[in-house]
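A short worksheet on the structure shown next.
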Amino acid sequence: MLAAIVIRDEGERTMRRHIVLAAAVFMAAGGAVFAQLPRTASPPGAAVYFISPKDGEEISGPVTVRFGLKGMGIAPAGVEMKNTGHHHLLVDTKLPPMGENIPTDDHHRHFGNGQTETTLTLPPGKHTLQLLLADQNHIPHDPPVMSPQITITVK
Ligand SMILES: [Cu+2]
């Protein structure tokens, strides 16, 4: 009787160990797939920067933002071409994860037609802006091509 209970207990423990092992293998596989999302290499010296506005600038009314790029070219989203990408403007947010598609919302604006400027209507107060280039699949390059984050004040 006692032996039977012990055996059953052993069996359960083994099964539980197998479940834990299966979960670990599943997570490892998932992690590997995640890490393998293809990233496009950026050439040395590539940089994006704000032509306007400047860090610390105070602005009345709509904000015209002009995107600068050196060492790479612009290509629309979906077009595969070496050493190119399209601009993304991050508004009042920090950088998204580098190994994933950049989200699309008011804080992550895509310029997939190859635009190099935009006009923002922002409520009065302080706002942060940052440029992040990404490849045809909206995934940041490796290493990422991004500007420093700047802060502007809308009056
Ligand atoms: Cu994009």
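Observations
- Total residues in segment 116-136, condition within 11 Å of the ligand (Cβ to nearest atom) and either in contact with a His (Cβ under 7 Å, 6 or more places away or on another chain) or of a type in the set (A, V, I, L, M) (or both): 4
- Residue match in segment 67-74 (condition: within 18 Å of GLN149 (Cα to Cα), in the same structural domain as MET146 (by TED's automatic domain parsing), surrounded by 18 or more Cβ atoms within 10 Å (Cβ to Cβ) and in contact with a strand residue (DSSP E or B) (Cβ under 8 Å, 6 or more places away or on another chain)): yes
- Being more than 14 Å from the ligand (Cβ to nearest atom), over 21 Å from MET81 (Cβ atoms) and surrounded by fewer than 17 Cβ atoms within 10 Å (Cβ to Cβ) is a property that ASP106 has.
The values are calculated or read from the model by the stated rules, or taken from the named source; none is laboratory data. Predicted model, so just to flag it, every value in this text is computed and none were measured. As a convention, Cβ positions derive from the backbone with ideal geometry for all residues, glycine included, and neighbour counts pool all protein chains shown.
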